[in-house]
Amino acid sequence: MQSPLFNHAEQQSQERYVVQNPQLLRVALTGHDDVLARKGAMVAYQGLVDFDGEYQSGTQRQARARTGEGLDLMRCSGQGTVYFANLAQYIHVVEVEQEGLTVDSAYVLALDSSLHTEAIAVDSQYGVSGTGKYQLNITGRGKVALMTSGQPLMLQVTPEKYVSADADAIVAWSTSLRVQMQAQTHSSSVRSRRGSTGEGWELSFLGQGFALVQPSEIMPPQNAVIGQGLAAQWGVGQQGAHGQNQNNAWN
C-alpha cells in the first residue's frame, strides 16, 4: 500500500513529550512517572497503559465549586506511548520551573503528575463582585502541554513595557507577574463592553516574564453539539462557555 499518509508516521524520540504534529501530542510513559491528561483526550496508545480517573480531594472539590476553575483529569500509567489531542487545537509544551505558570484550565491538555495546581483569583480593579476571573497556578518542576486556537503569540513583559490582553484570548502567563483585570470603558457602567467596539474585560501584566495569547477569543466547549446554535456561547471569558461554567458552579 502506498499513500502520502505514510509521511505522517510516528516520530521516534527519547523525549518524554513530543509534539507529533502541531495538533497531536506524543507522551512516553516507559521509565517515567505517570502523566495526567484531560479526560477523553487520548486518541491512541501503544503498550500496556492504564487509564484511571484522577482523585480529587475535598478541598479541591470545594475550590472547583467555588471558583469554577479546575481540571478534569485522568491518570495514565504503565509502559508505553500515549497520543493526546483535543478538538484539533494547536499544542505547545512548556517547562515549568521555579517561577511557576498561571493558566486558564480550559487550555491544559496534559501535565506531569509531580506538578501542583491551585485555583487563584484575579481581581477586578473596580472591586465589583463577580467581575474577577479565576485561573490555575501550576508550580513545581515538570512539563505541561497547553492548547491554543491557532498559532499563539508570546509577549515579553518587562518593567519598562507592560502588556494588556483580552481576557478571552489570554492563555497563560508567568506567575511572577502582577496582574489586574480591568475594562477601559467610557460607559457609565463598568459592566458594559467598551463603548460600541465589542471590546471588554482585559488583563494587564506588569513585572518581568511572559504572556501567551491565542489568535482567537473563542474555543468550543467540551462535548459541544455542532449545529445547535452554540457559536455565541463558545467564548471562554465571562460571557462564554468557560464563564458559563463558572456561573453554573454558583447555582
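The values are calculated or read from the model by the stated rules, or taken from the named source; none is laboratory data. The model shown is predicted, which means the values in this text are computed figures rather than measured ones. Reconstructed Cβ throughout: ideal geometry from the backbone, glycine too, with neighbour counts over all protein chains shown. Quick note on the areas: whole protein, heavy atoms, side chains included, nothing else; ligands and nucleic acids left out. Shrake-Rupley method; radii C 1.70, N 1.55, O 1.52, S 1.80 Å.
Would you mind putting 204-216, 14-26, 104-116 in packing order, based on average other-beta-carbon counts within 10 Å, highest first? It would help to have the intermediate numbers written out before the result.
Numbers: 204-216: 18.2, 14-26: 16.6, 104-116: 20.3.
Order by mean packing, descending: 104-116, 204-216, 14-26.
Report in % the part of the accessible area of segment 81-123 that belongs to carbon and sulfur, leaving out ligands and nucleic acids; probe 1.4 Å.
40
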